[in-house]
Each structure stands twice: as structure tokens, then as C-alpha cells.
Amino acid sequence: MNTITVKSRFCETDALGHINNTTYFVYLEEARIKFFETIGFDMDVKDWRFILASTKCDFVSQGYFNQELEITTYISKIGSKSFQLEHDILCADTHQLIARGNAVIVYFDFQEQRSKAIPELLKTQLNIHFRSEKTEYS
């Protein structure tokens with residue numbers, strides 16, 4: 001698992017003082033970038049191998065301005081050409097689950113414009129972060 005911390009900014013909240021629903025997708029993107037860096041991929045767009053095929057976020061409880069959040073990222077599924085990332089967004093102070101997201105990532109050849117089989121070395125790295133069951137939070 002890979003964990004990052006973000007602090008919600010005022011501009012990321014809505015008129016009710018909650019973190020705006022679209023902001024969570026920005027947080028999930030940041031978590032994905034850090035995850036890729038953890039497994040050895042930098043953000044070199046000339047040598048990028050992944051596309052985001054799908055992403056979703058379930059909002060479990062409310063997040064607020066200036067709240068510190070922990071986003072834990074792990075792998076839940078590895079296929080031949082794609083894998084699935086899971087994200088748990090928790091309040092850093094209380095460890096209450098705020099939101100849960102996921103993303104399907106496809107290994108992609110931009111020159112040929114088609115998906116490719118995930119190389120074995122990458123599968124090995126992904127398996128290090130594999131977790132088959134979601135954590136239950138109170």
C-alpha cells in the first residue's frame with residue numbers, strides 16, 4: 001500500500017463548506033501519480049505507458065476545509081492488459097472513511113495507439129501492492 005496526505009484548501013469546498021465532489025478526483029489523481037512514482041515510473045510524458053480507462057468515487061462521509069486527509073492506494077485486480085487501483089480517503093485525525101475510489105488503468109502503447117500486455121516486471125511491482133479485501137472502517 002502507498003499512502004499520501006493532502007490538506008483540503010478553501011477553494012476546494014462548496015457553498016455548504018464541504019469538500020466539493022469534483023475535488024476528490026484531483027486527490028485521487030495525486031495519489032495515482034505518487035503510486036506510479038513508488039513503483040518506479042516518473043511522469044515523463046514522452047515515455048508514459050498508461051491510460052485511465054475508468055474512475056469512480058463513492059462519498060461515504062463529509063470532508064471539510066483545512067481537513068488533513070490520508071489517501072491509501074493499493075491494487076485490487078491485475079489483468080493481462082490492465083489493473084485496478086483502490087483508494088481509501090480517511091480523515092487523518094479520526095481515521096474515519098470519507099470516500100472510497102477506484103481506477104482502471106490500461107497498459108498502453110501511444111505510438112501504436114493500442115493496449116499491450118503488462119510486462120512481467122511491472123506485474124511483479126503491482127503484486128507487491130495487491131490486496132484482495134477492502135478494509136472496513138467504523
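All of the numbers you see were taken from the coordinates with simple rules; none came from a lab. The shown structure was predicted, so the numbers you read here are calculated from the model rather than taken from an experiment. Here the Cβ positions follow ideal geometry from the backbone for every residue, glycine too, while neighbour counts run over all protein chains shown.
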- Task: Would you mind calculating the relative contact order of the range 2-128 from Cα pairs under 8 angstrom and at least 6 residues apart, reporting the percent as a whole number?
- Result: 27
- Note on the structure: Karplus ³J(HN,Hα) for the range 38-52 (6.51 cos²θ - 1.76 cosθ + 1.60, θ = phi - 60°; Hz, whole; x = Gly/Pro) runs 4, 8, x, 10, 8, 8, 7, 5, 7, 9, 8, 10, 10, 10, 8
- Message: Please list, ordered by chain and number, the residues whose modelled amide H lies under 5 Å from the amide H of Gln67; skip anything fewer than 5 residues away on the same chain.
- Response: Ser8
- Message: For a Förster distance of 30 Å, can you work out the FRET efficiency between the beta-carbons of Ile128 and Phe65, rounded to the nearest 0.05?
- Response: 0.25
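Using the structure shown, select from Lys34/Lys134; Lys46/Lys134; Lys7/Lys81; Lys34/Lys123; Lys7/Lys46 the pairs with a Cα to Cα distance greater than 29 angstrom. Walk me through the numbers before you get to the answer.
Numbers: Lys34/Lys134 20 Å; Lys46/Lys134 35 Å; Lys7/Lys81 34 Å; Lys34/Lys123 18 Å; Lys7/Lys46 31 Å.
The answer is Lys46/Lys134; Lys7/Lys81; Lys7/Lys46.
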- Projected onto the charge dipole of the chain (unit charges on the beta-carbon of Lys, Arg, Asp and Glu, signs +1, +1, -1, -1), the Cα from Phe65, Phe35, Ala53 with the largest positive-side position is that of Ala53
- Karplus-derived 3J(HN,Hα) from phi for the range 80-96 (6.51 cos²θ - 1.76 cosθ + 1.60, θ = phi - 60°), whole Hz, x at Gly and Pro, runs 7, 10, 8, 8, 10, 9, 10, 10, 10, 9, 10, 5, 5, 6, 9, 6, 6
- What ³J(HN,Hα) values, in whole Hz, does the Karplus curve 6.51 cos²θ - 1.76 cosθ + 1.60 give for the range 65-74 when θ = phi - 60°, with x put for Gly and Pro? 3, 6, 7, 8, 10, 10, 10, 9, 10, 8
- P(r) over all Cα-Cα pairs of the chain, 10 Å bins from 0 to the longest distance, whole percent per bin, short to long, reads 12, 42, 30, 15, 2
- Query: Which value at 222 nm does the chain reach when only helices count, each DSSP H run of 4 or more adding -39,500 (n - 2.57), with the total divided by all residues and rounded to the nearest 500 deg cm²/dmol?
  - Reply: -6500 deg cm²/dmol
- Packing-based ranking, highest mean first, of 18-29, 33-44 given that Cβ atoms within 10 Å are counted: 18-29, 33-44
- GNM of the chain, Cα pairs under 10 angstrom: of Ala31, Ala117, Ala103, the biggest fluctuation goes to Ala117
- Which of the listed residues, Leu16, Phe110, Ile89, is farthest toward the dipole's positive end in the chain, when Lys, Arg count +1 and Asp, Glu count -1 at the beta-carbon? Phe110
- Query: About the Cα centre of the chain, what is the dipole size in debye to 20, counting +1 per Lys and Arg Cβ and -1 per Asp and Glu Cβ, all else neutral?
  - Reply: 420
- Item | Under 5 Å, built H, 5+ apart or other chain: amide partners of Lys77 | Gln84
